[in-house]
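Enquirer: Handing you a structure now.
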Amino acid sequence: IFYMFDQTLVVSKGACLYFGPTDTAADYFQRRELVCPPNYNIADYLLDIAMDQELVAKAKSYNGAEAEKADGLTSGHQAHLGGGNIVSRRGGANTNGNTSEITRTSDDRSYETSVRMEEMGSSGSSTASLSDSTTQKKQKTVYPTSFLTQLRVIMLRSFQTLIRNKSLLVLHFAVAIILGVFVGGLYFDVPMDLAGFQNRAGSLFFMLALLGFSSISALGAFTDTRTLFVKERSNGYYPPMPFIISTLLFDLIPLRIIPAILMGSVSYFMIGLTADVETFFKFLLILVLFNVATAMFCLVIAAGVRTTGVASLASSIVMLFMMLFGGFLINSKQIPKALTWIQYLSMFKYG
């Protein structure tokens with residue numbers, strides 16, 4: 001969409017940093033050692049430049065040097081001023097064909113100044129770029145509000161989003177209760193013998209598997225809001241930390257912790273596990289920690305993968321390998337020595 005505009009004007013506090021064709025904006029700032037990072041939106045990067053005073057000063061200093069050295073960008077298409085005023089172009093060239101007139105507007109009077117612009121050749125010079133070894137200096141962004149204010153606003157927005165999407169919240173609670181009743185009924189009051197021990201171990205593994213694969217829904221917590229987060233962060237509204245904290249709180253507490261407690265509370269006594277309060281709460285704690293760990297794992301994948309489909313596939317495959325090396329489907333002593341290290345990465349082993 002950005003490149004659909006014919007002209008681009010970049011202004012910072014009334015100072016004109018760039019005014020010219022849209023498709024040459026990136027090259028213009030590259031010559032000033034302001035290189036747009038790879039895979040980054042050029043429109044957002046221009047906003048970053050306009051909001052950072054150090055970058056603004058850098059762009060202005062190059063503008064002034066360019067006016068003195070007659071280092072223009074394109075013939076008859078751009079004019080750049082280092083003085084900080086917004087300018088308007090007036091088409092026309094002098095007798096040499098290498099300069100154009102620009103008019104600076106004021107309240108009552110008009111001043112005319114000419115800026116020499118060097119024509120670029122049709123071949124060679126238009127493709128010149130900075131060396132790949134040019135390093136970007138990391139700039140410290142000053143945010144308009146405090147960290148607590150940013151966190152409060154983002155948490156309020158996350159809460160409103162969670163309330164509006166009631167289907168996901170209700171579905172997690174309903175599925176947790178239904179699955180708890182299903183597991184409890186399937187393994188109801190198992191006897192204290194060898195078969196009962198096998199059933200108890202199977203019920204625990206099955207509950208962990210249910211919680212593990214249900215945690216894949218955590219992928220949407222980041223992939224659905226990635227575009228909004230990138231846009232707001234690039235505009236200097238807030239750093240990543242408030243967004244991460246808010247996302248974790250409103251995903252882990254209502255969608256991971258509460259469903260694990262509901263399912264464990266329903267199925268524990270129906271299966272006939274140890275009727276002891278301390279053991280019961282240890283059981284719930286393990287379920288909660290396991291569900292939180294798998295959800296955090298899915299969030300990490302969502303942060304590193306752009307598309308939900310690829311993130312879902314990667315999460316499912318890794319979850320299956322965790323189940324395989326969890327110690328239930330294969331004996332830990334029978335795992336080949338070259339693969340024994342994988343079992344220590346499995347959350348099912350610790351659960």
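Enquirer: Filter region 232-248 for residues that are part of a helix (DSSP H, G or I) and touching a helix residue (DSSP H, G or I) at 6+ places or on another chain (Cβ under 7 Å); which is most open to solvent (accessible area, probe 1.4 Å)? Give the derivation first.
Expert: From region 232-248, those part of a helix (DSSP H, G or I) are 232-234, 240-248; that's our starting set.
When the remaining residues are screened for being touching a helix residue (DSSP H, G or I) at 6+ places or on another chain (Cβ under 7 Å), the result is 233-234, 240, 242-243, 245-247.
On the way: R233: 84, S234: 4, P240: 58, P242: 0, F243: 14, I245: 55, S246: 0, T247: 21 Å².
Ranking the candidates gives R233 first.
Enquirer: Assuming I271 fulfils every condition listed in (1) modelled with pLDDT of 90 or more; (2) crowded, with 17+ Cβ neighbours inside 10 Å apart from one, which condition is it?
Expert: (1)
Enquirer: Shifting gears a bit: Quick check on my filter: what residues within region 246-266 are in contact (Cβ under 8 Å) with a residue 40 or more places away in the chain, closer than 19 Å to L162 by Cα and β-branched (V, I, T)?
Expert: T247, I258
Enquirer: Another question, if that's okay. Open to solvent by less than 70 Å² (accessible area, probe 1.4 Å) and under 20 Å from A275 (Cα atoms) - does that describe any residue in region 144-158? Don't jump to the end; show me each part of the working.
Expert: If we filter region 144-158 for residues that are open to solvent by less than 70 Å² (accessible area, probe 1.4 Å), which is where we start, we get 145-146, 149-151, 154-155, 158.
Those left that are additionally under 20 Å from A275 (Cα atoms): none.
No - not one qualifying residue is present in region 144-158.
Enquirer: Report yes if some residue within region 261-268 is open to solvent by less than 30 Å² (accessible area, probe 1.4 Å), hydrophobic (A, V, I, L, M, F, W, C), at pLDDT below 90 and within 26 Å of M319 (Cβ to Cβ); otherwise report no.
Expert: Keep residues of region 261-268 that are open to solvent by less than 30 Å² (accessible area, probe 1.4 Å), which gives 263-264, 267-268.
Now narrow it down to the ones that are hydrophobic (A, V, I, L, M, F, W, C): 263.
Next, from what is left, pick out any that are at pLDDT below 90: none.
No, because not a single residue in region 261-268 is open to solvent by less than 30 Å² (accessible area, probe 1.4 Å), hydrophobic (A, V, I, L, M, F, W, C), at pLDDT below 90 and within 26 Å of M319 (Cβ to Cβ).
Enquirer: Counting only residues that are free of Cβ contacts under 8 Å to residues at least 40 places away in the same chain and open to solvent by 20 Å² or more (accessible area, probe 1.4 Å), which one in region 27-39 is farthest from V305 (Cα to Cα)?
Expert: Looking only at region 27-39, we keep the residues that are free of Cβ contacts under 8 Å to residues at least 40 places away in the same chain, and these are 29, 32, 34, 36, 38-39.
Now restrict to residues that are open to solvent by 20 Å² or more (accessible area, probe 1.4 Å): 36, 38-39.
On the way: C36: 21, P38: 16, N39: 14 Å.
Going through the qualifying residues, I end up with C36.
Enquirer: To continue, here is another question. Any residue at all in region 221-231 that is among the charged types (D, E, K, R), farther than 16 Å from F290 by Cβ and open to solvent by 50 Å² or more (accessible area, probe 1.4 Å)?
Expert: Within region 221-231 (the criterion being among the charged types (D, E, K, R), farther than 16 Å from F290 by Cβ and open to solvent by 50 Å² or more (accessible area, probe 1.4 Å)), the answer is yes, since at least one residue qualifies.
Enquirer: Another question about this same structure. Just to check your reading of the model, which residue among K349, K282, K333 is charged (D, E, K, R) and modelled with pLDDT of 90 or more?
Expert: K282
Enquirer: Shifting gears a bit: What about N199, is it over 17 Å from L287 (Cα atoms), in contact with a Pro (Cβ under 9 Å, 6 or more places away or on another chain) and of a type in the set (S, T, N, Q)? Walk me through how you get there before you give the answer.
Expert: On the way: over 17 Å from L287 (Cα atoms): yes; in contact with a Pro (Cβ under 9 Å, 6 or more places away or on another chain): yes; of a type in the set (S, T, N, Q): yes.
Spelling it out, N199 is indeed over 17 Å from L287 (Cα atoms), in contact with a Pro (Cβ under 9 Å, 6 or more places away or on another chain) and of a type in the set (S, T, N, Q).
Enquirer: Does at least one position in region 311-334 carry a residue that is open to solvent by 30 Å² or more (accessible area, probe 1.4 Å), outside any helix (DSSP H, G or I) and in contact (Cβ under 8 Å) with a residue 40 or more places away in the chain?
Expert: In the first step, residues of region 311-334 are kept if they are open to solvent by 30 Å² or more (accessible area, probe 1.4 Å); the result is 312-314, 316-318, 320-321, 324, 327-334.
Narrowing further to those that are outside any helix (DSSP H, G or I): 327-331.
Still in the running and in contact (Cβ under 8 Å) with a residue 40 or more places away in the chain: 328.
Yes, that holds for at least one residue.
The values are calculated or read from the model by the stated rules, or taken from the named source; none is laboratory data. Keep in mind that what you see is a predicted model, and the values were worked out from it rather than measured. Ideal geometry is used to build each Cβ from the backbone, glycine not excepted, and the neighbour counts take in all protein chains shown. Just the protein is used for accessible areas: all its heavy atoms, side chains included, with ligands, DNA and RNA removed. Shrake-Rupley method; radii C 1.70, N 1.55, O 1.52, S 1.80 Å.
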